[in-house]
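Undergrad: One structure, as structure tokens, below. Some questions next.
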Amino acid sequence: MSPSNGLGTLAYKDPASFNDDNESCEHGKESDIFSLGVILWEISSGKMPCDGHREHATIVMYRLNGSRDNPFPGTPEEYIKLYSECWDEDPNKRPIY
């Protein structure tokens with residue numbers, strides 16, 4: 001569950017949206033797919049995303065550095081592949097649903 005202070009949603013946010021100069025990132029379906037990938041990871045792990053970081057700046061840096069949460073042991077490979085594709089750095093390479 002996300003903390004009630006509203007900062008928890010940053011862990012689900014497309015890192016491309018943190019960069020105001022990135023005009024190629026449409027804050028639409030591609031960003032939603034990134035968030036879906038985080039939710040899928042969270043379902044499989046039962047843990048908070050972003051390695052449990054809760055501070056605003058730490059979460060932003062975690063994502064901007066390209067960090068993604070590691071697969072949880074026992075997660076099926078197909079499931080890992082799905083949420084990993086949702087996290088592609090290039091929003092245009094993410095799955096389309």
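Undergrad: Filter the stretch 69-97 down to the residues that are in a helix (DSSP H, G or I), loosely packed, with under 14 Cβ neighbours inside 10 Å and either at pLDDT 95 or above or not polar (S, T, N, Q) (or both) and list them by number.
TA: Those that are in a helix (DSSP H, G or I), loosely packed, with under 14 Cβ neighbours inside 10 Å and either at pLDDT 95 or above or not polar (S, T, N, Q) (or both): Glu77, Glu78, Lys81, Glu85, Lys93.
Undergrad: Given Glu42, Glu26, which one is modelled with pLDDT of 90 or more and either touching a Pro at 6+ places or on another chain (Cβ under 7 Å) or surrounded by 13 or more Cβ atoms within 10 Å (Cβ to Cβ) (or both)? Working first, answer last.
TA: On the way: Glu26 fails: modelled with pLDDT of 90 or more.
Glu42 is the lone residue from the list that is modelled with pLDDT of 90 or more and either touching a Pro at 6+ places or on another chain (Cβ under 7 Å) or surrounded by 13 or more Cβ atoms within 10 Å (Cβ to Cβ) (or both).
The values are calculated or read from the model by the stated rules, or taken from the named source; none is laboratory data. Here the structure is a predicted model, which is why all the values come from computation and not from measurement. Virtual Cβ from ideal backbone geometry, glycine too; neighbours counted across all protein chains shown.
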